[in-house]
Amino acid sequence: MTNSRKHIVIVGPAHPLRGGLATYNERLARELQKEHQVTLLTFSLQYPNFLFPGESQYSNDPIPNDLTIDVQLNSINPLNWLLTGKKYAKIAPDLIIFRYWMPFFAPCFGTFARQVKKNGHTRIIAITDNIIPHEKHFYDTPFSRYFLGCLDGAVTMSEKVLSDLKEHFPNTPAAKNCSYHPHPLYDNFGDKSPRAEACQRLNLDPNKQYILFFGFIRKYKGLDWLLQAYLKVADSLPNVDLLVAGEFYEDSAPYLDIINASSHASRIHLHTHFIPNSAVADYFSVADLVAQPYKSATQSGVSQIAYHFEVPMLITNVGGLPELVPHGQAGWVAEPNIESISDGLISVFSEGYLPGIKSQLPILKKQFSWESMVVRLLRVSGIRYQVSGFRTRDERLETRD
């Protein structure tokens with residue numbers, strides 16, 4: 001890619017905050033930095049502690065010395081929104097990219113953006129994870145309308161969110177200049193570890209096969225369905241255990257009740273703490289199948305970690321998941337119910353399904369490039385650019401916008 005150097009600001013979680021959003025934003029910053037000056041504007045306060053469902057909002061990882069991170073935004077302080085907006089209006093970056101994943105942040109983001117736009121120079125777009133949130137609140141629609149109304153454009157990471165944006169907010173500038181690009185690969189966790197070594201570090205039996213549920217545990221992600229589906233077929237899969245890796249973001253009691261009532265409780269391995277980036281490779285190195293039994297979804301970063309490590313997936317037919325994981329190619333698509341998930345587990349492990357899927361994943365994952373995501377973002381922003389030497393997924397998707 002060759003183009004004049006721009007100053008681009010990414011607004012959203014970044015170090016010292018932790019989690020998939022911070023990981024994504026930092027990875028995007030590194031891709032943009034190949035041609036541009038990039039600043040990550042993150043939160044001094046993301047959530048008040050009483051609203052945060054996990055153990056900690058903060059990372060133990062060292063400060064990334066290759067990134068410029070401004071820890072400034074306070075999500076609940078309107079004076080901060082105004083002052084930070086005025087600061088960035090004076091800085092006058094060429095482009096601001098918001099990471100928009102829930103309406104709670106819309107007042108902060110929308111007020112900040114309106115201050116910046118007073119400079120008459122900065123273009124403002126958003127990467128929208130969700131438009132209609134998984135867990136609904138009375139303020140979702142007015143808050144989102146307030147934020148989306150100040151954008152110059154938006155890129156969604158699933159066609160479902162693209163459809164939601166156009167259907168529910170058709171008169172906003174974001175809906176009139178919006179585009180779809182799938183979630184790029186999480187390729188920043190390194191290579192696979194030797195399986196025996198990873199099993200030893202995780203205290204797992206290397207002679208077993210493992211179904212991996214990975215990520216924060218919330219109701220919409222369907223871990224309760226997976227537990228019940230697995231326990232229905234555990235007798236038929238004597239060499240397959242279930243590994244749950246991720247922090248509870250809600251009451252753990254209902255899940256533990258399902259496990260403790262079963263005679264197969266010892267075959268369900270609970271690593272229910274926050275999984276640091278340094279340990280991600282081990283979990284995907286021992287996994288034979290990544291299960292995403294979601295009750296609702298738009299897209300999923302877990303799928304993109306599985307693609308990177310070339311691990312087959314079992315997903316449910318909800319939201320944008322089947323766009324990312326085509327049935328019979330990258331994994332198994334089950335209907336969103338316990339019976340279909342249990343049938344899928346049997347089919348995957350008992351019918352020789354895994355080797356064929358594994359052979360296709362190295363080819364399929366090539367479509368999810370960060371370079372293509374950058375091209376799409378710049379196109380929506382209206383910033384002039386040139387691309388040389390490759391044909392991007394962005395160009396192949398052009399007729400689908």
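No value in this document is a laboratory result; all are computed from the given coordinates. Keep in mind that this is a model prediction, so the values were computed, not measured. Don't worry about glycine lacking a Cβ; one is built from the backbone with ideal geometry, like all the others, and counts go over all protein chains shown.
Quick one: net charge of Ala198's neighbours, Cβ under 10 Å, K/R +1, D/E -1?
On the way: positive: Lys192, Arg195, Arg201; negative: Glu197, Asp282.
Charge balance near Ala198 sits at +1.
Angle check, please: helix 159-168 long axis (alpha carbons) against the longest principal axis of the chain (alpha carbons), in degrees 0 to 90, nearest 10.
Relative to the chain, helix 159-168 is tipped by roughly 50 degrees.
Lys/Arg Cβ at +1, Asp/Glu Cβ at -1, dipole of the chain taken about the Cα centre: which of His308, His327, Ser252 is farthest positive-ward?
Going by the charge dipole, the pick is His308.
Per the helix-only calculation at 222 nm, which mean residue ellipticity applies to the chain, given -39500 (n - 2.57) for every DSSP H run of n ≥ 4 and division by its residues, nearest 500 deg cm²/dmol? Before the final figure, lay out the partial values.
On the way: 16 runs with 152 residues, N = 401.
Rounded to the nearest 500, it is -11000 deg cm²/dmol.
By how many degrees, between 0 and 90 and to the nearest 10, does the Cα long axis of helix 78-91 differ from the longest principal axis of the chain?
70 degrees
Evaluate the charge dipole of the stretch 8-124 about its Cα centre and quote only its size in Debye, nearest 20, assuming +1 on the Cβ of each Lys and Arg and -1 on the Cβ of each Asp and Glu.
Values: 12 positive and 8 negative charges, 110 e Å.
So the dipole magnitude of the stretch 8-124 works out to roughly 540 debye.
Kindly state, as a whole number, the per residue volume in cubic angstrom of the convex hull around the alpha carbon atoms of the stretch 143-209. Before the final figure, lay out each step's value.
Numbers: hull volume 10.4 nm³, N = 67.
Cα convex hull per residue, to the nearest whole number: 155 Å³.
Put +1 on the Cβ of each Lys and Arg and -1 on the Cβ of each Asp and Glu in the chain; which of Ile97, Thr156, Ile341 then has its Cα farthest toward the positive end of the dipole?
Ile97
Identify all aspartates and glutamates with a Cα-Cα distance to Lys192 below 12 Å; exclude those on the same chain that are fewer than 8 residues away in sequence.
Asp282, Glu310
Starting with the highest mean, order 274-281, 354-361 by the number of other Cβ atoms within 10 Å, averaged over the residues of each peptide. Intermediate results must be reported in sequence, preceding the final value.
Details: 274-281: 16.0, 354-361: 14.2.
The densest-packed peptide leads the list: 274-281, 354-361.
Which whole number in µm²/s is D for the chain by Stokes-Einstein, with the Kirkwood Rh taken over Cα pairs at 37 °C and 0.692 mPa s?
The estimated diffusion coefficient comes to 149 µm²/s.
Output the pairs from Lys176/Lys366; Lys87/Lys117; Lys219/Lys366; Lys6/Lys34 with a Cα-Cα distance over 21 Å in this structure; if there are none, say none.
Details: Lys176/Lys366 30 Å; Lys87/Lys117 12 Å; Lys219/Lys366 32 Å; Lys6/Lys34 11 Å.
Too far apart for the 21 Å limit: Lys176/Lys366; Lys219/Lys366.
What is the magnitude of the charge dipole of the stretch 195-365 about its Cα centre, with +1 placed on the Cβ of each Lys and Arg, -1 on the Cβ of each Asp and Glu, and no other charges, expressed in debye to the nearest 20?
Working: 11 positive and 17 negative charges, 53 e Å.
Taking the Cα centre of the stretch 195-365 as origin, the dipole is about 260 debye.
Could you tell me how many degrees, from 0 to 90 and to the nearest 10, lie between the Cα long axis of helix 223-233 and the main elongation axis, the longest principal axis, of the Cα atoms of the chain?
20 degrees
With the contact rule set at Cα under 8 Å and sequence spacing of 6 or more, what percent relative contact order holds for the chain?
On the way: 771 pairs, mean separation 58.7, N = 401.
Relative contact order for the chain comes out at 15 percent.
Based on the Cβ-Cβ distance from Arg201 to Thr272, what FRET efficiency comes out when R0 is 25 Å, to the nearest 0.05?
Numbers: r = 17 Å, r/R0 = 0.69.
Efficiency, from the Cβ-Cβ distance: 0.90.
Placing +1 at every Lys and Arg Cβ and -1 at every Asp and Glu Cβ, with all other atoms neutral, what dipole size does the chain have around its Cα centre, in debye to the nearest 20?
Details: 39 positive and 39 negative charges, 351 e Å.
In total the dipole reaches around 1680 debye.
Using only the Cα atoms of the stretch 1-156, each taken as one equal point scatterer with no solvent, compute I(q) by the Debye sum, divide by I(0), and report log10 of the ratio at q = 0.11, 0.13, 0.14, 0.16 Å⁻¹.
The computed values of log10 I(q)/I(0) come out as -0.41, -0.58, -0.68, -0.90.
Set the Förster distance to 60 Å, then compute FRET efficiency between Lys176 and Asp257 from the Cβ-Cβ distance, nearest 0.05.
On the way: r = 49 Å, r/R0 = 0.81.
After rounding to 0.05, the efficiency reads 0.80.
Between the DSSP loop rule and a limit of at most 16 other Cβ atoms within 10 Å, which GluC sites (Glu not before Pro) in the stretch 235-338 are left? The partial results should precede the final answer.
On the way: sites: Glu247, Glu250, Glu310, Glu323; in loops: Glu247, Glu250, Glu310.
In loop regions of the stretch 235-338 (DSSP not H, G, I, E or B), the sparsely surrounded GluC sites (Glu not before Pro) are Glu250.
Can you pull the one-decimal nm distance between simple spin-label points at Lys358 and Glu335, each 7 Å off the Cα toward Cβ?
Result: 3.1 nm between the two label points.
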